[in-house]
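Each reported figure results from applying straightforward, stated rules to the coordinates on display, with no laboratory input. Please read these numbers as outputs of a predicted model, since none were measured by experiment. Here the Cβ is made from the backbone with ideal geometry for all residues, glycine too, and neighbour counts use every protein chain on show.
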Amino acid sequence: MQITGGRFNSRKIKTPDYDNIKPTLSKTRQGIFNTLSSIINFENKIFFDLFAGSGIMSLEAISRGFKAFTFEQDKKTLFAIKESFKSLNLNPNLYFGNSLKNILKVNIKADVIFIDPPYESNLYDKALSIIKENNILNKNGIIILEHPINKIINLTGYQEIKIKTYGNKQITFLTINQEE
C-alpha cells in the first residue's frame, strides 16, 4: 500500500495481513483528502482515526500536515501500525484499547474524525453519540464515515456536507448541526 499525497507521497507501507483488516483503498483515500482540502486547512489541525486497522488514514493525514491520533484495539494490528510509523521515522500518538473510551482520555478536541469500524458493528451510532455528547469535535470540525452503502446510521444532531460513493462503500462527510 502507498501513501497517496503530502510529504510521504508514494512511500510504501506494509499492510497487516489479517482477515479483520480492510484498508481504505488509495482512490478512496485520495477522494477523502481532496474533499477535505476544499473544506479545511490541514496544517496543525487534529485528526482522529478511531478504528485504525492498518493505520493508513493516520499516515495519510500526517503526510498532509495534520497531527494524528490513532486508536486501535487489536494488539497484533497495533504492532503493525507501530512498524509503519517507525518505517517513516514517526512517533505515533497511538492509543490501544477501546477507541470510544480512549477518545475521552486524550482530552483534545479534533478537527477531523475518521470513523471506519467493523461494518457489522453498531459502533457508528455509539461513536457519533459520544463525540456529540462529550464535545470532542472542534467548531466547524468534520466527521468522515466510511461505511457500506446500505448501512443505516443515526445522524441525529449532524448535518451531511457531502456523500461520495466508491463501489459498495460510501463516504459521508458530516458536521455537528449548530442549530440544535
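Computed values, structure above
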| quantity | calculated |
| --- | --- |
| Phi-based couplings in Hz for region 79-96 (Karplus 6.51, -1.76, 1.60; Gly and Pro marked x) | 4, 5, 4, 4, 5, 5, 5, 4, 5, 9, 6, 10, 9, x, 8, 10, 10, 9 |
| Long-range HN-HN contacts of Ile161 with modeled amide H, under 5 Å | Phe173, Leu174, Thr175 |
| Against the rule of thumb 2.2 N^0.38 Å, how large the Cα Rg of region 3-97 comes out | 1.00 |
| Fraction of the pair-distance distribution of region 50-149 above 17 Å, Cα-Cα pairs, percent | 49 |
| In Hz, Karplus ³J(HN,Hα) per residue of region 44-50 (6.51, -1.76, 1.60; θ = phi - 60°; x = Gly, Pro) | 6, 8, 9, 10, 9, 10, 5 |
| Built amide H within the under 5 Å cut-off of Thr4, gap 5+ | Ser10 |
| For region 47-90, convex hull volume per residue from C-alpha positions, Å³ | 54 |
| Within a Gaussian network of the chain (alpha carbon springs, distance under 10 Å), most fluctuating of Ala52, Ala80, Ala68 | Ala80 |
| Relative packing of peptides 139-145, 156-162 - highest average C-beta neighbours within 10 Å first | 139-145, 156-162 |
| Within straight-line cross-link reach of Lys162, lysines at Cα separation under 24 Å, skipping those fewer than 8 residues along the same chain | Lys22, Lys27, Lys45, Lys67, Lys109, Lys126, Lys132, Lys139, Lys151 |
| Calculated from backbone phi, Karplus (6.51, -1.76, 1.60) coupling profile of region 113-120 in Hz, x at Gly/Pro | 10, 9, 10, 8, x, x, 4, 7 |
| Quotient of Cα Rg and 2.2 N^0.38 Å for region 62-118, N being how many residues it contains | 1.13 |
